[in-house]
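Peer 1: Supplied in structure tokens, the structure appears directly below.
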Amino acid sequence: MIQLDAKGIRWSPVARLDLYAAGLSTLCVLHCVALPLLVALLPVVAQAADNELVHRLLVVAAVPVSLRVIWKTRPLSGNRLFVSAALVGLGLLLLAAFMEAVEAYEEPVTVAGGVLLGSAHIWHWMRRCGRGGAHRLPVESAEP
């Protein structure tokens, strides 16, 4: 089992961006999964939930963060899986938010894109910081 020690991790800008991007993807998934329940419970929320602007703003926020992480992972050797998964996830989110042709499938496409993008960022973060890689600093001992 992988144990994470916050004191032993040097939080590089790329690691932070991975966590931000994963958080944004999680928000997208929660938005798509939780809002139908809220719509059923609170009719007032239905008006805001059906607004396409919310979907588009979440995608527009996710794209630059994810692209920055992808850009920072160059060279691609060893990062092809992350880059591919992140780009496909972003593509699905953009497709669902901005293409009228997939409107009937908007929710499953958005959930799939958000889960794929969030999973890619978490996997990338764990790979860079969570397993004692080059970005992990030794933990200081209590003894002098």
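Peer 1: I need the full set of residues from the stretch 88-130 which are of a type in the set (Ser, Thr, Tyr) and either surrounded by 17 or more Cβ atoms within 10 Å (Cβ to Cβ) or within 16 Å of Ser66 (Cα to Cα) (or both), in order please.
Peer 2: Result: Thr110, Ser119.
Peer 1: A further question on this structure: Tell me, please, whether a residue that is among the acidic types (Asp, Glu), part of a helix (DSSP H, G or I) and at pLDDT below 90 can be found in the stretch 28-50. So that I can check it myself, show each step before the final result.
Peer 2: At the first step, the residues of the stretch 28-50 found to be among the acidic types (Asp, Glu) are 50.
From what's left, part of a helix (DSSP H, G or I): none.
There is no residue in the stretch 28-50 that is among the acidic types (Asp, Glu), part of a helix (DSSP H, G or I) and at pLDDT below 90.
Peer 1: Working only within the stretch 1-15, note down all residues that are surrounded by 14 or more Cβ atoms within 10 Å (Cβ to Cβ) and either among the aromatic types (Phe, Trp, Tyr) or modelled with pLDDT of 75 or more (or both).
Peer 2: Ser12, Val14, Ala15
Peer 1: Further, regarding this structure: Can you pull out every residue in the stretch 66-115 that is within 13 Å of the chain's Cα centre (by Cα) and of a type in the set (D, E, K, R)?
Peer 2: Scanning the stretch 66-115 gives a single hit, Arg68.
The values are calculated or read from the model by the stated rules, or taken from the named source; none is laboratory data. Please read all numbers here as calculations on a predicted model, not as lab measurements. All Cβ positions, even for glycine, are placed from backbone atoms using ideal geometry, and neighbour counts span all protein chains on display.
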